[in-house]
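A short write-up of the structure that comes next.
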Amino acid sequence: MSHIEEEVLSKQQLKSKETKGRIFRAAKTILQKQGYEQLSIKNICEEAGVSNGSFYHHFKTKDDLLSYYIEEQPGINPDLLDLPEDAEEAKIAIIHVYLNYAGYCRELGVEFMSNYYTPKNQALNPSIRTERPYPIITVEHYLRKAIDAGILRPKLPLSEISTDIRMLVIGNVFEWCLHSGETDFEGNMRRSLSHYLDGIF
């Protein structure tokens, strides 16, 4: 690839990133001011000043748009998710993933998260969302590696553990939203996950 081609590509990537950002900001504005019910692709495109075609070039659905940003949380050091030495190290790594997630929820804000966490949002359903590193998928892969290597011998099947952790996390986010952000979000997340993981490893 020539230097000119690289420049053109990087300009296209930049333009694409800017458009995605504009679409997301529009969705965030609608969520905060009007709620999930008003979050239609038509409304998002109008707010963002982009065409329907431009929206579908970047995202499949509005839930795809929301899931993209919820999964674009700050990166986790991959070394942290290498094989753990023991169960204690595995617990620390899993809790770290979700403390990271709690921090990102804070960045997006209570209004956004309150409207994001609705049963209508299929982006929350990990069984249909496996192409991007949704936190529970990341944790599930990590646990599978540790179980296959014989480092962890949990008392429950991995599918049940994943479901339990996801429900605990959703409960913590819901509690934080319910109290308009006035709870010890990270403390509650750490405590509930610690108690749960202590019981299964």
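The values are calculated or read from the model by the stated rules, or taken from the named source; none is laboratory data. Bear in mind that the values here come from a model prediction, so they are computed numbers and not experimental data. We place every Cβ from the backbone using ideal geometry, glycine too, and count neighbours over all the protein chains shown. Note: areas computed on protein heavy atoms with side chains; ligands, DNA, RNA excluded. Shrake-Rupley method; radii C 1.70, N 1.55, O 1.52, S 1.80 Å.
Is there a residue in the stretch 98-109 that is open to solvent by 90 Å² or more (accessible area, probe 1.4 Å), closer than 25 Å to L178 by Cα and modelled with pLDDT of 80 or more? Break it down stepwise before answering.
Here is the first cut: in the stretch 98-109, the ones open to solvent by 90 Å² or more (accessible area, probe 1.4 Å) are 106-107.
Filter once more, so that each one left must be closer than 25 Å to L178 by Cα: 106-107.
Still in the list and also modelled with pLDDT of 80 or more: 106-107.
Checked against the condition, which is being open to solvent by 90 Å² or more (accessible area, probe 1.4 Å), closer than 25 Å to L178 by Cα and modelled with pLDDT of 80 or more, the stretch 98-109 yields at least one hit.
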Review point. Would you pick out the residues in the stretch 20-33 that are closer than 13 Å to S114 by Cβ and touching a helix residue (DSSP H, G or I) at 6+ places or on another chain (Cβ under 8 Å)?
Key: K28, L31, Q32
**Study point:** Within the stretch 15-126, helices (runs of 4 or more DSSP H) holding 2 or more residues that are among the aromatic types (F, W, Y)
**Key:** 52-58, 62-71, 87-108, 110-116
Exercise for review: Taking only the stretch 147-194 into account, find how many residues are of a type in the set (A, V, I, L, M), open to solvent by less than 20 Å² (accessible area, probe 1.4 Å) and in a helix (DSSP H, G or I).
Suggested key: 6
